[in-house]
1. Of the cross-linked pairs K10/K262; K214/K262; K80/K180, which ones have a Cα-Cα span greater than 19 Å in the structure shown?
2. Could you provide, to the nearest whole Å², the per residue accessible area of the chain with probe 1.4 Å?
3. Could you let me know the centre-to-centre spacing of segment 168-186 and segment 78-128, using Cα atoms, in angstrom?
4. List every residue whose amide H lies under 5 Å from the amide H of K307, counting only residues 5 or more places away in sequence or on a different chain, with H placed 1.01 Å from N in the peptide plane.
5. Indicate the gyration tensor shape class of segment 58-134 (rounded, prolate or oblate), computed on the Cα atoms with a ≥ b ≥ c the square roots of the eigenvalues: a/c under 1.5 is rounded; otherwise a/b larger than b/c is prolate and the rest oblate.
6. Take the alpha-carbon positions of segment 15-105, form their convex hull, and give its projected area averaged over all directions (one quarter of the hull surface) in nm².
7. How much net charge surrounds G204 when only the other residues with a Cβ under 13 Å from the Cβ of G204 are counted, with Lys and Arg +1 and Asp and Glu -1?
Amino acid sequence: MAPASKSDRKAPLDAAAWMFNILTSVGVIMVNKALMATHQFSFATTLTGLHFVATTLMTIVFKWLGYIQPSHLPLSELIKYVVFANLSIVGMNVSLMWNSVGFYQIAKLSMIPVSCLLEVVFDKIRYSRATKLSIVVVLVGVAICTITDVSVNSRGLIAATIAVWSTSLQQYYVHSLQKKYSLGSFNLIGHTAPAQAMSLLMLGPFVDYWLTRKRVDAFDYNITVVFFIFLSCIIAVGTNLSQFICIGRFTAVSFQVLGHMKTILVLVLGFFLFGREGLNLQVIFGMILAVMGMLWYGNASSKPGGKERWSYSLPIDKSQKHGLLSESGEHDGKV
């Protein structure tokens with residue numbers, strides 16, 4: 001039997017990475033929802049800081065076991081990444097507080113076109129018509145599922161804009177840093193997790209007090225709350241790691257498109273676990289449309305020309321065309 005090709009080996013690993021991300025992301029959302037809705041622990045920014053503390057401990061163990069090798073990431077790049085990532089976390093929390101749920105969902109959906117713009121501008125990516133249409137189908141499907149009332153004010157619009165751009169830049173930057181400095185997922189998270197943990201634990205209590213008018217140190221902790229915080233941190237380690245793995249294997253746009261599968265799963269689990277009303281025809285139709293769009297996107301973007309870098313061809317003299325044919329073909333292959 002012939003050995004499996006590189007693409008044959010890549011597909012199962014891509015699927016496993018994506019399923020790992022979906023399971024951990026949905027799991028941490030469900031645990032956090034129980035923690036915040038049921039037990040009134042509303043300190044989201046501080047909790048995220050604790051998530052990165054747990055992730056930092058994981059990287060320390062992995063370094064000790066030899067799974068993370070020494071690597072270099074310039075301090076300037078690390079600072080830029082941490083700024084984008086922390087603005088994303090705070091911006092999303094503030095956007096949810098200042099905007100209606102409908103506008104918050106619209107802002108989240110707009111991350112896909114923003115991510116596309118970043119790839120077009122910085123990576124010179126070109127999308128086929130089918131790929132573009134599939135993204136539109138996903139956006140429409142998720143919008144039908146999630147958008148209810150839509151109202152916006154000036155400060156809410158500013159918060160949503162900051163959240164959308166910082167999140168898109170953070171996800172794009174993960175992919176860019178991995179490629180630019182040849183960093184694996186474990187190496188990159190080993191650089192970024194300690195910086196995020198330290199910065200979020202310093203800023204988190206102040207941001208949470210600003211958002212909730214409650215002090216995290218004055219909260220009435222009990223065994224159940226501590227257990228849920230610990231469980232949230234454990235699952236979040238997998239979420240943080242799987243995000244780096246997925247963006248490294250895919251792109252920020254693919255991560256966003258396929259990420260809406262998590263939105264649909266959260267909706268379904270929310271209906272069954274938290275006593276909401278049953279699914280109506282509108283939500284079911286939106287879910288079906290979104291899933292169809294995701295499948296279409298996967299098929300369209302994987303075809304030749306579906307999603308590729310622009311290649312620029314310099315005009316050549318006809319007399320030189322035959323002599324340079326093999327050389328230009330080699331150059332195009334490298335591009």
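The values are calculated or read from the model by the stated rules, or taken from the named source; none is laboratory data. What you are looking at is a predicted structure, and each value in this text was computed from that prediction instead of being measured. Virtual Cβ from ideal backbone geometry, glycine too; neighbours counted across all protein chains shown. These area figures cover heavy atoms from the full protein model, side chains too; ligands, DNA and RNA do not enter into them. Shrake-Rupley method; radii C 1.70, N 1.55, O 1.52, S 1.80 Å.
1. The answer is K10/K262; K214/K262.
2. On the way: 18170 Å² over 335 residues.
Accessible area per residue: 54 Å².
3. Answer, in whole Å: 16.
4. Correct list: S128.
5. oblate
6. Values: hull surface 33.5 nm².
That works out to 8.4 nm², a quarter of the Cα hull's surface.
7. 0
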